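All remarks here apply to the structure that follows.
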Amino acid sequence: MDNFIFGQYSPGDSFIHRLDPRNKLFLTILIIVASLLIHSWVSPLILLLVCAFAIQTSHVGWHFLIHGIKFFIHMILLTSLLQLLLSRSGKVYWYFWIFNISSFGAHIAIMSFFRFIIAIIISMLFLLTTSPIEISDTISSLLNPLKFIHVPVEDISLTISIALRFVPTMTGEVHRIMDAQKSRGVQFHKGNVIKRIKMSIPIMFPLFINTFKRAEDLASAMILRGYTGNRYRSSIRKMHWHINDTIVFIAIILIIILIFLLIES
Amino acid sequence: MENHFDVKQLVQLAILAAVSYVLMLIAIPIIPVAPYMKLDLSDLPILIGTMMMGISAGITIATVKSLLYWITIGGASLPSLIGVFSSWAASIVLLLAVFFVLKSFKSHTRKLKWIMMIILATLALTIAMSLLNLYVVTPLYINMIGLKLSFSVPKLVAIAVIPFNIIKGIVIGIIFAIIYPQLSKIIK
């Protein structure tokens with residue numbers, strides 16, 4: 001029960017897992033932006049090859065990844081099909097009633113299919129190989145420049161980390177309260193809407209009381225250990241930029257520059 | 001922005017955000033034509049935090065919750081950002097409406113104050129979300145993911161967005177009105 005929420009993260013120790021999360025996030029965004037700017041049919045194939053290489057080295061498994069994006073693929077196929085059949089300009093090859101296949105429609109459909117596939121595969125890969133806590137660390141390191149305009153970055157990252165840590169705990173709490181009320185005879189899945197709303201009150205009330213109890217405990221523990229906010233604090237998790245990061249960074253940037261210089265121009 | 005929060009309040013904010021996130025996962029679709037509009041109780045922790053620690057606390061909880069949801073469930077992608085943004089905006093409108101109504105109607109009797117809160121918050125939520133859907137959210141969906149609607153945007157607002165937000169406002173308002181007076185006596 002504790003890991004079903006973050007089911008997207010697949011723990012591992014592959015080359016991709018060990019890359020700096022900041023680097024991964026930057027390159028993910030870069031590839032998505034590049035995939036939106038391309039117009040040739042060859043460039044998406046190169047980007048897909050890069051994705052395939054990344055999936056292979058990440059050891060998350062093709063089956064696992066494809067299972068995760070199956071829903072998106074259905075949606076994208078449907079959208080592309082509609083674009084293929086409904087847009088009419090350029091040379092028309094075939095038509096029936098309001099549907100037609102034109103050269104322009106085919107081009108748009110194929111390009112939008114590739115763009116979304118690339119964006120989804122690469123962001124899925126980022127989420128599969130980066131733990132939520134690493135993502136939150138990355139976000140707080142991105143917020144670091146805001147320190148100069150007196151935004152309490154440490155407080156924000158502390159709030160995000162505690163919230164992330166307590167999500168599984170509070171999920172368990174909700175289930176425990178529901179079980180306790182069920183054993184006293186409350187039936188949650190019966191009755192009309194008004195009855196169901198009424199039934200949420202015996203869950204919400206203990207939930208919020210326990211929430212504040214836990215907050216009190218944690219805050220006392222932190223104060224007793226001498227925690228004071230808004231000061232430079234060391235972290236148990238350090239993000240390191242290795243030589244591998246530099247290699248991957250330069251390689252991806254070179255590929256994208258080459259795509260734009262050789263194929264797109 | 002939140003320099004005035006001490007350690008205890010920061011921890012309360014964080015755990016309320018976690019509760020809000022968990023409640024967001026238990027969502028039920030209530031409008032048949034728009035299954036992506038789901039009713040959940042994730043605004044309750046936000047409202048409780050707002051009434052206990054002020055508007056900036058409420059905004060912080062809503063932001064942390066939306067961020068967590070976007071990273072973990074939304075897949076940190078652009079299309080899901082639109083949905084997360086509109087739910088964040090709804091939370092902000094709701095918390096502002098509830099906060100100002102409850103703070104400004106001090107002289108009235110207790111029951112009247114809570115009924116006014118439910119009505120005004122529902123009204124504010126419905127108006128704000130209709131405008132947002134009419135001019136920002138639905139056009140963004142159509143342009144970005146090529147969402148094909150079987151009817152026009154104003155019609156979608158009329159048959160899905162308005163009923164949804166009226167139901168949402170009333171349900172959350174009633175539960176909040178029942179829980180909060182009792183809860184505030186127990187937790188000082």
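General observations
- Scanning the range A:147-163 for residues that are part of a helix (DSSP H, G or I) and without any contact (Cβ under 8 Å) to a residue 40 or more places away in the chain yields A:LYS147, A:PHE148, A:ILE149, A:VAL153, A:ILE156, A:SER157, A:THR159, A:ILE160, A:SER161, A:ALA163.
- Test: residue in the range B:48-62 that is facing chain A (nearest Cβ under 8 Å) and touching a residue at least 40 places away in the same chain (Cβ under 8 Å): yes
- Filter result for the condition that a residue is closer than 26 Å to A:LEU262 by Cβ, touching a residue at least 24 places away in the same chain (Cβ under 8 Å) and assigned to a helix (DSSP H, G or I), over A:VAL50, A:VAL33: A:VAL50
- Look at (1) part of a helix (DSSP H, G or I); (2) under 20 Å from B:ILE179 (Cβ atoms) and you find that A:GLY172 fails only one, number (2).
- Of the residues making up the range B:21-44, those that are more than 9 Å from chain A (Cβ to nearest Cβ), open to solvent by less than 10 Å² (accessible area, probe 1.4 Å) and not acidic (Asp, Glu) are B:ALA34, B:SER42.
- When restricted to residues that are open to solvent by 60 Å² or more (accessible area, probe 1.4 Å) and more than 10 Å from chain B (Cβ to nearest Cβ), the range A:116-145 contains 3.
Listed here are the residues, each with its yes/no results for (1) of a type outside the set (Lys, Arg); (2) in contact with an Asp or Glu (Cβ under 9 Å, 6 or more places away or on another chain); (3) open to solvent by 50 Å² or more (accessible area, probe 1.4 Å); (4) at the interface with chain B (Cβ under 10 Å from one of its Cβ atoms).
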| site | (1), (2), (3), (4) |
| --- | --- |
| A:LYS195 | no, no, yes, no |
| A:PRO202 | yes, no, no, no |
| A:PRO206 | yes, yes, no, no |
| A:ASP217 | yes, no, yes, yes |
| A:HIS240 | yes, yes, yes, no |
| A:ILE259 | yes, no, no, no |
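The values are calculated or read from the model by the stated rules, or taken from the named source; none is laboratory data. Source: prediction; values computed, not measured. Cβ sites come from the backbone with ideal geometry, for glycine too, and all protein chains shown count toward neighbours. Ligands, DNA and RNA are excluded from the accessible area calculation, which covers all protein heavy atoms including side chains. Shrake-Rupley method; radii C 1.70, N 1.55, O 1.52, S 1.80 Å.
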